[in-house]
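Okay, so here's the structure we're looking at.
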Amino acid sequence: MTSLLSKRRPRVPQSRLARLLTATVLLVVSLAGSLAPNAVAEPLKLGLMMNFSRNAPGRAVERRRAFELAIKHINEAGGVLGQPVRPTVADSTRSPSGAVAAARRLVHTDGVHAIVGPSSSAMALAVAEQVTGPAGVPTISPSATSPKLTTAADSDYLFRTALSDIAQGPVLARVTRERGFRNVGLLYRDDAWGQGLAGTFTAAWDGTVTAVAFEPRQTGFSAELRRSTAAGAQALVVVADEQETIALLRDAVELGLYRHFTFGDASKSPNVAREVGAERLHGMYGTAGAAVPDSPVSAAWRAAYVAEYGGPPVFTYVPQTYDATIALALAAQAAGNTRGDAIRDRLRAVGSAPGLAANAGPEGVAAALRILAARGEIDYQGAAVTLDWDRHGDLRRGHIGIWRFTRDGGTEDLETVPFIYEADPPKPGAADR
């Protein structure tokens, strides 16, 4: 016997049923598409890891300003995926263990999607291998230069906007040689950065060198200085952070062991001349990563920085901090979401050809975000460098600057030396990760 329900159920023709199903599917797809932007537009959270301790606080302040200027330019242009970027700042401290603890708080407590920093190579290496690599959080250091970072076990989540010291070491050797020295002492910090720069300097040096390591954060250097003079050194090459540079220069002068010095990038600071004496350091040279010379993009960014803060930056790797921040934001926009692997996989694309050139600064960043929102491609031209990354997250090209201390206790930039990898590695594929 047929039930009452079956008797009352209307018979739907097959063609009409197909039309109803098609309409339903189209409605669901339409609704999903209209909701998709909200689904993927979780606000991008960017962390900044800088060393805010007594070691070079002015350096950290200027880099933080560059980070904040980048966030301002992004958010004034509408943000990433329609949402303002949310910044979070952490102190990477002066030890790798402290940096790892700070990174874990950023990733697991604050929930950042990507990190700018840490500022030093030893901290960047520890953070990349112990925290951000395993957690899948893209990390761009604006100032970590050790060659050891090239082969870090970071699962391809560590990038740099500063050249590796395979570029700086030979330039420092050239500068020292051009000062007329053939026999030098070398004091270097015994960590990833100091070992890397000392190693590339020594490899490029064709004279006599007596290299002596010292412990990070050491305050007395008399024993190491005496050992460095054993072969009759004419000058001292200093690979030390700002506070260490001040302490070892004082010891060298007071002991009467050295009158001539050349310096690595971390010594480029007016604080060094102020503490040691401008009259002692006037005319002494050093090297550091530099922006593209005579670049209208760099000049425009510098003008934007001056307009915001009242004066230009005086410390190293400030525009590189801006570029690292912008690159992460543009990669998230290009990816269409804030997932770490998605951001990482778009970093190389937004930093190199093909694509429309998009310059650093408010207008260029706004244009880049519009192009990416329309699913176009860009080639970001940074405030410091063109972000053409190889398969290790290292820059394929850039510049090393030559600088010297001035009579008034400041520093002046003299020359920029271009650097291009002789072997240009291919972009990574799935097998590289």
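Things to note:
- Answer residue from segment 255-298, given it is β-branched (Val, Ile, Thr) and within 29 Å of the chain's Cα centre (by Cα) and is surrounded by the most Cβ atoms within 10 Å (Cβ to Cβ) among those: THR287
- Residue satisfying condition, being out of contact with any His (no Cβ under 9 Å at 6 or more places or on another chain), free of Cβ contacts under 8 Å to residues at least 60 places away in the same chain and of a type outside the set (A, V, I, L, M, F, W, C), within set SER119, SER92: SER92
- Looking only at segment 72-84, and only at residues there that are in contact (Cβ under 8 Å) with a residue 24 or more places away in the chain and either acidic (Asp, Glu) or surrounded by fewer than 22 Cβ atoms within 10 Å (Cβ to Cβ) (or both), the one that is nearest to GLN320 (Cα to Cα): LYS72
- The one condition in (1) in a helix (DSSP H, G or I); (2) out of contact with any His (no Cβ under 8 Å at 6 or more places or on another chain) that ILE140 fails to fulfil: (1)
- Residue list for segment 259-297, filter: of a type in the set (Ser, Thr, Tyr), modelled with pLDDT of 95 or more and closer than 30 Å to ILE71 by Cα: SER267, THR287
- Residue list for segment 351-386, filter: on the phi > 0 side of the Ramachandran plot and in contact (Cβ under 8 Å) with a residue 60 or more places away in the chain: GLY361
- Condition met for ILE420 (in contact with a Leu (Cβ under 6 Å, 6 or more places away or on another chain), farther than 25 Å from VAL112 by Cα and not small (Gly, Ala, Ser)): no
- Only listed residue being outside the structural domain of GLN381 (by TED's automatic domain parsing) and in contact (Cβ under 8 Å) with a residue 60 or more places away in the chain, chosen from LEU158, LEU186, LEU197: LEU197
- Every condition in (1) of a type in the set (S, T, N, Q); (2) in contact (Cβ under 8 Å) with a residue 24 or more places away in the chain; (3) out of contact with any strand residue (DSSP E or B) (no Cβ under 7 Å at 6 or more places or on another chain) holds for SER295 except the one numbered (2).
- A count restricted to segment 41-55 and to residues that are surrounded by fewer than 22 Cβ atoms within 10 Å (Cβ to Cβ) and either assigned to a loop (DSSP other than H, G, I, E, B) or of a type in the set (A, V, I, L, M) (or both) stands at 7.
- Only a single criterion out of (1) of a type outside the set (Asp, Glu); (2) buried (at least 20 other Cβ atoms within 10 Å of the Cβ); (3) touching a residue at least 24 places away in the same chain (Cβ under 8 Å) is not satisfied by ALA335, namely (3).
- Residue in segment 230-242 that is under 24 Å from THR321 (Cβ atoms), surrounded by fewer than 20 Cβ atoms within 10 Å (Cβ to Cβ) and modelled with pLDDT under 95 present: no
- Odd one out for TYR317, checked against (1) touching a Leu at 6+ places or on another chain (Cβ under 7 Å); (2) crowded, with 23+ Cβ neighbours inside 10 Å: (1)
- Filtered residues of segment 338-358 (kept if modelled with pLDDT of 95 or more and of a type in the set (S, T, N, Q)): THR338
- Evaluation of ALA304 against (1) of a type in the set (A, V, I, L, M, F, W, C); (2) touching a residue at least 40 places away in the same chain (Cβ under 8 Å); (3) not assigned by TED's automatic domain parsing to the domain that holds PRO96 (one fails), failing number: (3)
- Among the residues of segment 86-130, those identified as of a type in the set (Ser, Thr, Tyr) and either part of a loop (DSSP other than H, G, I, E, B) or modelled with pLDDT under 95 (or both) are SER92, THR93, SER95, SER97, SER119, SER120.
- Residue among ALA203, ALA252, ALA211 that is buried (at least 22 other Cβ atoms within 10 Å of the Cβ), outside any loop (DSSP other than H, G, I, E, B) and without any contact (Cβ under 8 Å) to a residue 40 or more places away in the chain: ALA252
The values are calculated or read from the model by the stated rules, or taken from the named source; none is laboratory data. Just so you know, these numbers come straight off a predicted model, no measurement behind them. Backbone-built Cβ (ideal geometry, glycine too); neighbour counts: all protein chains shown.
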